[in-house]
Amino acid sequence: MKRIWQLGGIGIFVGFFLGGLFYVMEAQTGYQVYTLLLNIQYFPSLSNVQLHGWIEFILHMLVSVLLVILLYYLFKHFQLEKHIYPYVIAHLIIGWGHYLFTALSPATVGMLGLQLWIYWTIGHLLHGILVGVLIRYILREGEYA
């Protein structure tokens, strides 16, 4: 149970990191990476629902926590949980998938482009590295406890 709490803490930390990074990127560049991060309107049942920004951010945080936990146990099954690269690859693939799905959303019309994709990829690359490093840290801490 301790491991789940640790992973949940990592999910919260990296969720704030990615949200904050994209918020600053959007404010500085005008490219809507933060808006894209919080967009969930590509789900048909949510396409007409207007949510407050803080609710969208809470949903982002829930996804972040769940992804960290699920990826850890998936990689543990293959004895890859101690490596950083699986988390980086997974976060890039998930980020690119989210980017492609947003093309299905009416809220992103005219917003997608190469520069935004580059910022999006950099953010998810850093996110994956951070997840891998933090998981590796808690695993090493456990060895010495």
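Normalised by the number of residues in the chain, the mean separation of alpha-carbon contacts (under 8 Å, six or more apart) gives a relative contact order of 34 percent. Applying a DSSP loop filter and a limit of 16 other Cβ atoms within 10 Å to the chymotrypsin sites (Phe, Trp or Tyr not before Pro) in the stretch 69-104 leaves Phe78. Counting only the backbone N, which residues of the stretch 1-33 are under 14 Å from the spot 7 Å out from the Cα of Tyr73 toward its beta-carbon? What the label zone holds, given the 14 Å backbone N cut-off, is 1-8. Rounded to the nearest 20 debye, the dipole magnitude of the stretch 2-144 is 360 debye, with +1 charges on Lys and Arg beta carbons, -1 on Asp and Glu beta carbons, and the Cα centre as origin. Our helix-only sum for the chain, with -39,500 (n - 2.57) per DSSP H run of n ≥ 4 divided by its residues, gives a mean residue ellipticity at 222 nm of -26000 deg cm²/dmol.
Just so you know, all these numbers are worked out from the coordinates, no wet-lab data involved. From a predicted model like this one, the values you see are computed outputs, not experimental measurements. So basically every Cβ, Gly included, is an ideal-geometry build from the backbone, and we count neighbours across all protein chains shown.
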